[in-house]
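The structure appears right after this line, and notes come after that.
The values are calculated or read from the model by the stated rules, or taken from the named source; none is laboratory data. Values in this document were obtained by computation on a predicted structure and should not be read as measured data. A quick note on method: Cβ atoms are made from the backbone with ideal geometry, for glycine too, and the neighbour counts reach across all protein chains shown. With ligands, DNA and RNA removed, areas are computed over all heavy atoms of the protein, side chains included. Shrake-Rupley method; radii C 1.70, N 1.55, O 1.52, S 1.80 Å.
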Amino acid sequence: MWNRKIGIVLGLALGIILGLSAGMGLIQVDAQQTARELTLVNIKYEGSNIWVPGPLVVKKGERVRLRAINNVKDDPAEHGLAIDEFGVKMVVNRGKPETAEFVADKAGIFRVWCHLHLPHVATQLVVIE
């Protein structure tokens with residue numbers, strides 16, 4: 001019983017120390033290992049189809065997992081989501097979310113757009129240094 005209590009206390013203390021060390025920058029977390037998860041939802045607002053929220057902001061070098069949900073009720077039942085500079089191009093069917101993963105390896109402002117139906121359903125991805 002005594003050894004179990006000591007183990008629990010030591011485990012909690014180690015967790016707190018590691019958490020504080022990571023928060024103070026003493027332990028570096030590899031951005032390539034953990035993906036930043038973002039979600040875009042396609043909606044119709046005042047007659048226009050748009051991806052919300054936008055713009056999306058990430059740091060250069062981050063791995064991004066982008067989930068897209070098509071929530072527009074009228075036809076067409078599918079819309080595209082493309083970010084040319086990062087090789088993202090997917091078709092998002094109503095009711096069937098899609099996911100793309102990429103590394104934001106260049107800084108700048110990049111167009112997020114529907115490659116199936118021009119010129120609507122657009123937003124931006126901002127990659128900061």
For this session: Would you please give the residues with an amide H less than 5 Å from that of R36, counting only those at least 5 places away or on a separate chain, with H modeled from the backbone geometry?
Result: R63, V64, R65
Problem set entry | Summed side-chain charge close to L125 - residues other than L125 whose Cβ falls under 9 Å, Lys, Arg +1, Asp, Glu -1 | 0
For this session: Treat every Asp and Glu Cβ in region 41-129 as -1 and every Lys and Arg Cβ as +1, leave all other atoms uncharged, and give the resulting dipole magnitude about the Cα centre to the nearest 20 debye.
Result: 200
For this session: Report ³J(HN,Hα) in whole Hz for each residue of region 71-82, in order, from the Karplus equation J = 6.51 cos²θ - 1.76 cosθ + 1.60 where θ = phi - 60°; Gly and Pro get x.
Result: 10, 7, 7, 8, 6, x, 7, 9, 9, x, 9, 9
Problem set entry | In Å, descending, principal axis extents of the Cα set of region 73-126 | 36, 22, 13
For this session: Express in Å², to the nearest 10, the accessible area of R36 obtained by rolling a 1.4 Å probe over the protein heavy atoms while all chains stay in place.
Result: 90
